[in-house]
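**Student:** Sharing a structure here in structure tokens format.
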Amino acid sequence: MRLPCEVWVASRLLPSAGLRGPGRAARAVLALGKPPGGGGVWLQLRENIEQLFTKFVEEGKATVRLKEPAVDICLSKANVSHLKTFLSAMKLADRGTSEESLPLSTLAPPKASEVEKPKTKMTITSRKDYPFTQSFPYTLEQLQASYCKLPRIDMHILCLKRLRKLDLSHNLIKKLPVTIGDLVSLQELSLQGNLLESFGAALCNSTLRKSLQSLDLSQNKIKALPAQFCQLRELIHLKLDDNDLIRLPFKIGQLSQLRFLSVARNKLPFLPNSFGKLSLESLDLFGNPFEQPSPLAPDIQLKIPLTLWEHSARATINYRLPYSCHVLPSHLCHDLDMSKSCHCGRACLSSFIQTTVTMNLHSVAHTVVLVDNMGSTEAPLLRYFCSLTCYSQFLDRHLQSIR
């Protein structure tokens, strides 16, 4: 059995002599077998392993402490499954298991390809070059597989735990697997030019919340994004051009790190209330059928007197009382998550007054692409009011501003 990895041999006797080791790992191939008569470095394993350190084995790291010589063999950048198998075989060898029961290989000098620097980047731009029957190098950090006519995301890709950048643009992908959220290092994801109709809520609650910084969903068939989309708090770049979006997540203002937003050529009639909380460097909303703002024609859904549920829910949000599915039924938690914010800062749920007002997009972005061919940089913004008093105060200010 052979294990390509990086190896650093640390002598435990050097510190006692006031010396330090080289402290640098080298690419090597470890093998289990019977030593031939030729040269090379061979170590006796039988009853010679003092301890195995495997706390970070899931990261491809482990340390083998030998009795004689008094050294620690530090392994890193190894394939996780191969490393686990190799360590299991070492334990068996240490216990004196018969050679017939061990996965021994012929000991020979490694090939140049086995000790070369691990591959971290791969680009595939045609179906004939895609490795359908092989696994990807586990060390990949950047992978582009475009124009490959992939109907789904390959399970081999979902095993690349070091992947930071994944480009699957211009394929035929219709649905994203939940397990894509297990790519804990993923920072950039491009799914441009596929057949996606949704972006699952489960993905928004996965580890992507802490890692994903750039997301390109342009040129798909997405009509709406889930409310949980705003859990992707580390997003800096977001592209949603050329979809069928009829609305944006109503709490999009929670994406405090977002700097570049492009939602051109969709079907947005207005922007959500929290849009005004964004702080962008670049914004593109060209080609959306925005409605004419109508602040004097409100949609009144105010129920007086307020129901007990409305009173309780408003108090929970206004006083920032903690809640979860362990305390409340899940449907009530969902209602609380979907609460709206009045211009006064207080919350409202199912009882409110709704209207649209004009918003100058330069108030949220430094660079704004014109909204239409007429040169406008304004768009309608949805606004909620928790009471007749709040709406009346808004109406007075609005009427004074247009006199």
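**Student:** For an R0 of 25 angstrom, estimate the FRET efficiency from the Cβ-Cβ distance between Thr389 and Ser256 and round to the nearest 0.05.
**Tutor:** Once rounded, the FRET efficiency stands at 0.25.
**Student:** Taking GluC sites (Glu not before Pro) as exposed when DSSP calls them loop (any state but H, G, I, E, B) and at most 15 other Cβ atoms lie within 10 Å, what is the longest stretch of the chain free of them, the sites themselves excluded?
**Tutor:** With a cap of 15 other Cβ atoms within 10 Å, the longest stretch comes to 292-403.
**Student:** Moving on. Hey, in the GNM for the chain with a 10 angstrom Cα cutoff, which one of Gln144, Gln301, Gln213 fluctuates hardest?
**Tutor:** Result for the chain, Cα springs under 10 Å: Gln301 fluctuates most.
**Student:** Kindly report the accessible area of the stretch 272-366 per residue (heavy atoms of protein chains, probe 1.4 Å, no ligands, DNA or RNA), in Å².
**Tutor:** Solvent-accessible surface per residue comes out at 58 Å².
**Student:** Can I ask one more? So how far apart, in nm, are the two label points at Tyr323 and Ser294 if each is 7 Å from Cα heading toward Cβ?
**Tutor:** Output for this residue pair reads 3.2 nm.
**Student:** With the alpha-carbon atoms as the only input, what is the per residue convex hull volume for the stretch 252-403 in Å³?
**Tutor:** Cα convex hull per residue, to the nearest whole number: 136 Å³.
**Student:** While we're here: Label Arg346 and His398 with points 7 Å out from Cα along Cα→Cβ: what is the distance between them in nm?
**Tutor:** Distance between label points: 2.0 nm.
**Student:** Using a Gaussian network model of the chain with C-alpha springs under 10 Å, which one of Leu186, Leu52, Leu271 is most mobile by mean-square fluctuation?
**Tutor:** Leu52
**Student:** Report, in deg cm²/dmol and to the nearest 500, the calculated mean residue ellipticity at 222 nm for the chain, where each DSSP H run with n ≥ 4 adds -39500 (n - 2.57) and the sum is divided by the residue count.
**Tutor:** -4000 deg cm²/dmol
**Student:** Grab the beta carbon distance between Thr358 and Lys277, set R0 = 25 Å, and tell me the FRET efficiency rounded to 0.05.
**Tutor:** Using R0 = 25 Å, I get an efficiency of 0.90.
**Student:** Then there's this: Over all directions, how big on average is the projection of the convex hull of the alpha-carbon atoms in the chain, in square nanometres?
**Tutor:** Answer in nm², one decimal: 29.1.
**Student:** Which whole-number percent is the relative contact order of the stretch 207-331 (Cα, under 8 Å, 6+ apart)?
**Tutor:** For the stretch 207-331, the relative contact order is 18 percent.
**Student:** Quick one: plug the Kirkwood hydrodynamic radius of the stretch 130-199 (C-alpha pairs) into Stokes-Einstein at 10 °C, 1.306 mPa s, and report D in µm²/s.
**Tutor:** 130 µm²/s
**Student:** Taking 0.36 nm per residue of sequence separation and subtracting the Cα-Cα distance, how much length would be gained by fully extending the chain between Val184 and Arg152, in nm to one decimal? List each step's numbers first, then the result.
**Tutor:** Working: separation 32, 0.36 × 32 = 11.52 nm, distance 2.00 nm.
Contour length minus Cα-Cα distance gives 9.5 nm.
**Student:** Next question, about the same structure. Using the heavy atoms of the protein chains and a 1.4 angstrom probe, tell me the accessible area per residue for the stretch 166-270 in square angstrom.
**Tutor:** 40 Å²
**Student:** Normalising by the residue count of the chain, find the relative contact order in percent from Cα pairs under 8 Å and 6+ residues apart.
**Tutor:** That works out to 8 percent.
**Student:** Which FRET efficiency value, to the nearest 0.05, do you get for Lys221 and Leu332 by plugging their Cβ-Cβ distance into 1/(1 + (r/R0)^6) with R0 = 41 Å?
**Tutor:** With R0 = 41 Å, the Cβ-Cβ based efficiency is 0.80.
**Student:** Probe radius 1.4 Å, ligands and nucleic acids ignored: give me the carbon and sulfur share of the accessible area of the chain as a rounded percent.
**Tutor:** On the chain, the fraction of accessible area on carbon and sulfur atoms equals 53 percent.
**Student:** On each of the three principal axes of the Cα atoms of the stretch 75-203, give max minus min coordinate, whole Å, ordered largest first.
**Tutor:** 58, 33, 24
**Student:** Between Lys303 and Ala315, what is 0.36 nm times their sequence separation minus the Cα-Cα distance? Round to one decimal in nm. Let's see the in-between values first.
**Tutor:** Numbers: separation 12, 0.36 × 12 = 4.32 nm, distance 1.67 nm.
Between Lys303 and Ala315, full extension yields an extra 2.6 nm.
The values are calculated or read from the model by the stated rules, or taken from the named source; none is laboratory data. These numbers come from a predicted model, not from an experiment. In this analysis, Cβ positions are derived from the backbone assuming ideal geometry, glycine residues included, and neighbour counts consider all displayed protein chains. For accessibility, only protein heavy atoms count, side chains too; no ligands or nucleic acids. Shrake-Rupley method; radii C 1.70, N 1.55, O 1.52, S 1.80 Å.
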